[in-house]
Amino acid sequence: MQFTGIEGKVALVTGAAQGIGEAVARALAELGAIVAAVDMNVDGLKELVTDLSSHDHHAKEYPVNVGDSSAVEGIVDRIERELGPIEILVNVAGILRIDPIESLSDEDWAETFNVNTNGVFYVSRSVVKRMVSRKKGSIVTVGSNATRVPRMYLSAYAASKAAATMFTKCLGLEQAHNHIRCNVVSPGSTDTAMQRALWHSDDGAQAVITGSIDSHRVGIPLGRLAMSSDIADAVVYLLSDQARHITMQDLCIDGGATLGS
């Protein structure tokens, strides 16, 4: 399927320097979007934009901490002045802190929510108030399948992603009359640096696929990890004209790991 409705539009992608965010930025650029790549990883952003530009794609880097409200407002204003009106937003930026609840520090909890939840709020609020006057736009937030079932040692991550997911659905309801669609894509285990950081041995991928009775974790029925491109494909679909009648939905891309819950 050829996705339409993306070419020539300004697309702001957070977390664009690596993993799923990078895959989304590349997919949108290849479809002709003008990509505003946002991340705190300055070197990663420069590498991405240099590579995209070398292939005649339109992209520009915008380093910012999405958990800083005033900085977000400033960068969104700058993007609109330099690239044009933002018609596409993809919230991907996220961090992971792993610990039993009794061991989680105040700082770990606060930092997780500041990026994963506040960041989605700050960026979405800043972008959507500009979309309102134009009465068009599409937003996708990358959540997690960890919002669907309890997960050991992922309480802060799962809770922050659950908040971001419900926020995005509420945003979609409020903005439906302005023709602004808001959806969520919830990945399961995906082959990224964040995922690999969880592995304790060379067979980490197989351990995830198999699952663990001790941690009450179902494996992956399809027998494979997702690739970042698998998630990007779902994001691009929801942004495209082919999904023009879809809003407030949460599309789970996890190979069946949450058993359709």
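The values are calculated or read from the model by the stated rules, or taken from the named source; none is laboratory data. Quick caveat: nothing in here was measured; it's all calculated off a predicted structure. Reconstructed Cβ throughout: ideal geometry from the backbone, glycine too, with neighbour counts over all protein chains shown.
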Being β-branched (Val, Ile, Thr) and not in a loop (DSSP other than H, G, I, E, B) narrows it down to one of 132, 149, so name that one.
132
Check the stretch 105-122 and report whether any residue there is of a type in the set (Gly, Ala, Ser), crowded, with 23+ Cβ neighbours inside 10 Å and either in a helix (DSSP H, G or I) or not assigned by TED's automatic domain parsing to the domain that holds residue 19 (or both).
yes
If I filter the stretch 142-149 for residues that are charged (D, E, K, R) and either buried (at least 21 other Cβ atoms within 10 Å of the Cβ) or at pLDDT below 95 (or both), do I get at least one hit?
yes
I'd like to verify a number: residues in the stretch 134-168 that are closer than 23 Å to residue 240 by Cβ, out of contact with any Pro (no Cβ under 9 Å at 6 or more places or on another chain) and in contact (Cβ under 8 Å) with a residue 60 or more places away in the chain, how many?
5
Considering (1) in contact with a helix residue (DSSP H, G or I) (Cβ under 6 Å, 6 or more places away or on another chain); (2) under 30 Å from residue 106 (Cα atoms); (3) in the same structural domain as residue 113 (by TED's automatic domain parsing), say which one residue 168 fails and leave the rest.
(1)
Name the one entry in 88, 6, 20 that is outside any strand (DSSP E or B), of a type in the set (A, V, I, L, M) and closer than 24 Å to residue 179 by Cα.
6
